[in-house]
Each structure stands twice: as structure tokens, then as C-alpha cells.
Amino acid sequence: MKQKRLLYISTLPEKSQTGGANAVNFHIFKELEKNFDCTYYKITVEEDFFEKYYSKILRKLFHRPGQFSFYSKKRLDAIAREFSKISQGYDFIFFRGFTPWIHCKPEVPYVAYNDVNFQQFFENTFSYRDFNSEDLNRIFLTEKEWLSNAGMVFFESVWGAERCHEQYDVSRNILKGLGRGGSIDLPKNDGYQGSLDFLLVANNFFQKGGDITFEVFKRLVVKYPDMNFHIVGGYPGDEVVDYKGVQYHGRLNKESESDFRVLMDLYSKSFLLMHLTREDTNPLVITEAGYFGCPTISVDNFAIPELIKSNETGIVLPYLPAVELVQNAIESLIENKDHYLDMRRGVWDFSHDNFSWNVIGAHLKKYIHSIFE
């Protein structure tokens with residue numbers, strides 16, 4: 001049977017695996033290549049300078065709502081023109097992401113894959129009072145129509161798919177919570193050596209609950225003096241970095257062999273990944289830590305309950321938990337070693353069985369072929 005000719009459209013570089021979005025982009029294309037005749041095409045159109053800074057001046061200087069200039073009609077039309085130049089001669093189009101492409105009009109069936117729709121992204125990141133409601137509705141309604149006309153719409157979580165249905169009323173028949181894997185090879189054994197160390201991986205320390213973790217650490221390290229708090233990502237501030245037992249590793253780039261080894265070692269040897277996040281969608285770091293048997297403490301929000309089976313592969317606490325609640329949960333694991341080791345085995349099996357790219361690729365093949373049946 002002749003392979004379908006697929007055009008893969010993305011805003012991201014094909015080979016990059018730095019950061020969650022780039023890694024997912026890299027791996028999903030590799031899975032598609034196994035079953036389709038794929039062409040990768042990157043489209044980038046710069047945001048209009050005047051539109052961007054006029055909106056910023058309105059919001060920051062005059063405290064008036066601005067336009068969402070990144071997805072202005074002018075920029076979306078420019079993206080659509082670039083797409084039209086290269087979109088001929090394919091059986092179907094695969095769009096990585098949603099909103100940049102909502103002015104594109106493919107002449108063949110198309111599918112798209114993302115973490116969330118634009119309205120959910122906006123609500124996670126911005127405030128409605130800062131932007132013109134008519135301009136936002138323009139984007140919401142255009143994206144709703146574009147997604148409704150897709151052959152299928154894939155999400156990195158069931159939560160993301162359900163939010164799209166609730167916000168845009170897109171039919172559940174075409175919304176699929178596909179999942180996503182990590183950006184590392186699956187390890188062959190658990191290298192845990194008995195530490196009580198915390199690990200936090202976050203570009204924004206506060207946004208991912210680093211302040212809560214730090215308060216918990218300060219309390220527990222008094223009782224468990226060998227405990228360390230490892231931080232990867234954005235700078236958490238002098239008070240945190242200078243505290244005894246805190247080890248700040250900076251931003252680690254997975255495309256650097258030395259940085260990659262450091263991160264894998266931290267995943268392997270840490271007692272817990274701490275992810276008491278204030279804003280998120282479907283955090284890749286939980287899956288990657290789980291590959292190594294490292295459980296996560298996180299919150300019952302976003303897509304996180306799909307990634308953690310509470311008390312079996314990690315601990316899910318109410319959003320946002322008090323310091324005392326987090327402390328008690330951790331101490332219960334420290335004091336019950338057998339339960340903790342069972343949890344390590346549980347998260348290892350759960351992550352390997354459910355969040356591998358091979359499994360996701362097989363689902364993707366099945367869903368896409370069903371469009372042409």
C-alpha cells in the first residue's frame with residue numbers, strides 16, 4: 001500500500017529537542033515518518049513591530065486594553081500566504097499547534113496536535129482585562145471554526161481535549177487525547193541510591209511552586225540534615241541559592257552531552273520531583289522523572305491527574321497546598337520506606353507503559369488512517 005504524502009507544518013526547528021515543546025515536536029514527526037511519506041516545513045513570520053509596541057504602550061503606559069498582536073489578522077494572513085506557497089501535492093496536512101494556522105485553508109484533509117487551544121492558553125497566561133475583548137473573540141471564533149473543520153484534532157492530554165470541547169463546543173468525535181512521551185530514551189534500570197533529595201525543574205521558580213518547596217525543605221532539612229534541594233532552570237534568587245543544602249544547576253540544555261548527563265543523574269537519584277505548579281498544561285518533566293522511577297508531588301489541576309496515580313506513582317495534593325500538607329505527605333513517604341519503594345516501581349511501570357512515543361505513534365497512525373476510510 002502506497003504511503004500517504006504528509007506535509008508537516010511547524011513554527012519550530014525540526015531537529016531541536018531543547019524544552020518541552022521542541023522535544024514533542026521532534027518526536028511526533030519521527031513517529032509520523034514511520035508510517036507516512038513526510039515533508040517537514042517550518043514557517044515563521046515575525047510579529048509586526050508597530051502592532052506589538054502599540055499594544056504594549058496601551059497596556060503598560062496607559063493601562064488600557066491592547067490588541068493581541070501576536071495573532072493579529074495581518075500576521076495570520078502573512079502565515080497563510082507562506083503556507084499556500086508550499087501546500088500543494090500532499091494527501092493531507094499535519095499542523096503542529098493551532099493558532100498560527102487558523103487563516104490557512106488546506107485543499108486536502110488536515111489534522112492538528114497541540115497541548116491546549118488558544119482560549120485555554122490565554123486564561124493560563126494572561127488577564128482578560130489587559131486585552132480588547134472583541135480582538136480576543138476574533139481569535140477564539142476563528143480558531144473554533146478552523147478546528148471544527150479539521151479531520152481530527154489531537155491533544156497532549158484528555159484534559160486539553162475536554163477543555164477545547166467546553167470552550168469552543170467542537171465535537172468530541174474529532175477531539176483525541178493522544179498523550180505525549182518524554183524527550184529522553186527510556187532507562188533500563190532504576191539507579192536510585194537512597195537519597196532524600198528534592199528536585200525542581202522550572203524556568204520560572206515561583207510559577208512552578210518553588211517557593212512552597214523551599215519552605216518545606218527548610219523545615220525538613222532540620223530533621224533530615226543529609227537532604228538536598230536541587231534546582232534546574234531559572235534563577236530562584238539569592239536567598240534560595242545561598243541556603244545550605246540547596247544546589248542550583250542553572251539551565252541545562254539536553255542537546256549538550258554534559259548537561260544531559262547531569263539532568264539524567266538528577267532524575268535517577270532524587271527522592272522526589274517537586275511540581276507544585278500554579279500554571280501548567282501537561283508537564284513533560286513529570287513523565288521524564290517517572291521514566292527513572294522518581295515519583296512526583298504535584299497538584300490536582302490541569303492535566304496532572306492523568307500523569308500521576310495518587311499514592312501509587314506519586315502524590316496529588318489539592319491546588320494549591322499549604323506548606324504543612326506538603327510536609328506531612330513527604331514525611332509519610334520518608335517514614336514508610338516500603339511504600340515509597342513500591343511507588344518508585346509503580347511510577348516506573350506506569351510511565352514506561354503509557355508515555356512512550358511508540359505507543360503514541362501507533363495511535364496516531366490508526367486515527368489518521370481512519371480519516372481516509
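Given the condition among the charged types (D, E, K, R) and surrounded by 20 or more Cβ atoms within 10 Å (Cβ to Cβ), answer yes or no: does some residue in the range 79-100 qualify? Don't jump to the end; show me each part of the working.
Quick first cut of the range 79-100, residues among the charged types (D, E, K, R) only: 81-82, 85, 91, 96.
The next check asks that each one be surrounded by 20 or more Cβ atoms within 10 Å (Cβ to Cβ); those that pass are 96.
Yes: the range 79-100 contains one or more residues that are among the charged types (D, E, K, R) and surrounded by 20 or more Cβ atoms within 10 Å (Cβ to Cβ).
Just to be sure I understand, how many residues within the range 40-90 are assigned to a helix (DSSP H, G or I), more than 17 Å from Phe126 (Cβ to Cβ) and among the acidic types (Asp, Glu)?
2
When you scan the range 47-57, do you find a residue that is touching a Pro at 6+ places or on another chain (Cβ under 9 Å) and among the hydrophobic types (A, V, I, L, M, F, W, C), even just one?
No, because not a single residue in the range 47-57 is touching a Pro at 6+ places or on another chain (Cβ under 9 Å) and among the hydrophobic types (A, V, I, L, M, F, W, C).
Considering every residue within the range 329-350, establish whether at least one is under 19 Å from the mean Cα position of the chain (by Cα) and not aliphatic (A, V, I, L, M).
Yes - at least one qualifying residue is present in the range 329-350.
What are the residues in the range 15-33 that are assigned to a loop (DSSP other than H, G, I, E, B) and surrounded by 14 or more Cβ atoms within 10 Å (Cβ to Cβ), if any? It would help to see each step written out before you state the result.
Taking the range 15-33 and keeping what is assigned to a loop (DSSP other than H, G, I, E, B), we get 15-18.
Matches in the range 15-33: Ser16, Gln17, Thr18.
List every residue pair whose Cβ atoms lie under 6 Å apart, where the two residues are 6 or more positions apart in sequence or sit on different chains, the first residue falls within the range 17-37 and is over 19 Å from Glu288 (Cα atoms), and the second residue, located anywhere, is in a loop (DSSP other than H, G, I, E, B).
Qualifying pairs under 6 Å: Phe36/Gln3; Phe36/Lys4; Asp37/Gln3.
When residues of the range 33-68 are filtered for being in contact with a Leu (Cβ under 7 Å, 6 or more places away or on another chain) and hydrophobic (A, V, I, L, M, F, W, C), how many remain?
3
Among the residues in the range 213-221, are any touching a residue at least 60 places away in the same chain (Cβ under 8 Å) and buried (at least 22 other Cβ atoms within 10 Å of the Cβ)? Working first, answer last.
Step one: of the range 213-221, the residues touching a residue at least 60 places away in the same chain (Cβ under 8 Å) are 213, 215-216, 219-220.
Those left that are additionally buried (at least 22 other Cβ atoms within 10 Å of the Cβ): 213, 216.
Checked against the condition, which is being touching a residue at least 60 places away in the same chain (Cβ under 8 Å) and buried (at least 22 other Cβ atoms within 10 Å of the Cβ), the range 213-221 yields at least one hit.
Can you name the residue in the range 222-232 that is of a type outside the set (A, V, I, L, M, F, W, C) and surrounded by 14 or more Cβ atoms within 10 Å (Cβ to Cβ) and, of all such residues, is nearest to the chain's Cα centre (by Cα)? Let's see the steps before the verdict.
Initially, the range 222-232 is screened for residues of a type outside the set (A, V, I, L, M, F, W, C), giving 223-226, 228, 230.
Next cut, surrounded by 14 or more Cβ atoms within 10 Å (Cβ to Cβ) only: 224, 228, 230.
Details: Tyr224: 33, Asn228: 26, His230: 21 Å.
Ranking the candidates gives His230 first.
Under 6 Å between Cβ atoms, which residue pairs at least 6 apart in sequence (or on different chains) link something in the range 114-128 that is farther than 16 Å from Ala21 by Cα and assigned by TED's automatic domain parsing to the domain that holds His165 with a partner that is part of a helix (DSSP H, G or I) and hydrophobic (A, V, I, L, M, F, W, C)?
Here the result reads Gln119/Phe140, each pair linking the range 114-128 to a residue that is part of a helix (DSSP H, G or I) and hydrophobic (A, V, I, L, M, F, W, C).
For (1) surrounded by 21 or more Cβ atoms within 10 Å (Cβ to Cβ); (2) not polar (S, T, N, Q), each residue gets a yes or a no:
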position	(1), (2)
Asn282	yes, no
Val285	yes, yes
Thr296	yes, no
Lys309	no, yes
Leu317	no, yes
Ala322	no, yes
Ile330	yes, yes
His339	no, yes
Asp342	no, yes
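For a quick check of your reading: which helices (runs of 4 or more DSSP H) sit entirely within the range 284-373 and have at least 3 residues that are under 28 Å from Leu32 (Cβ atoms) and in contact (Cβ under 8 Å) with a residue 12 or more places away in the chain?
Details: elements: 284-291, 304-307, 323-335, 337-354, 357-371.
By residue number, 284-291, 304-307, 337-354, 357-371.
Filter the range 1-14 down to residues that are out of contact with any helix residue (DSSP H, G or I) (no Cβ under 8 Å at 6 or more places or on another chain) and in a loop (DSSP other than H, G, I, E, B) and give me whichever is nearest to Ser84 (Cα to Cα).
Result: Gln3.
Quick check on Tyr71: is it out of contact with any Leu (no Cβ under 9 Å at 6 or more places or on another chain) and among the aromatic types (Phe, Trp, Tyr)?
On the way: out of contact with any Leu (no Cβ under 9 Å at 6 or more places or on another chain): yes; among the aromatic types (Phe, Trp, Tyr): yes.
So Tyr71 passes the test.
Can you say whether Gly177 is out of contact with any Cys (no Cβ under 7 Å at 6 or more places or on another chain) and in the same structural domain as Phe122 (by TED's automatic domain parsing), as far as the supplied structure shows?
Working: out of contact with any Cys (no Cβ under 7 Å at 6 or more places or on another chain): yes; in the same structural domain as Phe122 (by TED's automatic domain parsing): yes.
Yes: the conditions hold for Gly177.
Please give the number of the condition Arg251 fails out of (1) closer than 22 Å to Val299 by Cα; (2) surrounded by fewer than 18 Cβ atoms within 10 Å (Cβ to Cβ); (3) of a type in the set (D, E, K, R).
(1)
Which of (1) within 30 Å of Gln3 (Cβ to Cβ); (2) in contact (Cβ under 8 Å) with a residue 40 or more places away in the chain is the odd one out, the single condition Gln67 does not satisfy?
(1)
Give the residue, chosen from Phe302, Phe350, that is crowded, with 16+ Cβ neighbours inside 10 Å and closer than 30 Å to Phe122 by Cα.
Numbers: Phe350 fails: closer than 30 Å to Phe122 by Cα.
Result: Phe302 is the single residue among Phe302, Phe350 that is crowded, with 16+ Cβ neighbours inside 10 Å and closer than 30 Å to Phe122 by Cα.
The values are calculated or read from the model by the stated rules, or taken from the named source; none is laboratory data. None of these values were measured; they are calculated from a predicted model. With ideal geometry, Cβ positions are generated from the backbone for all residues, glycine too; neighbour counts draw on all protein chains shown.
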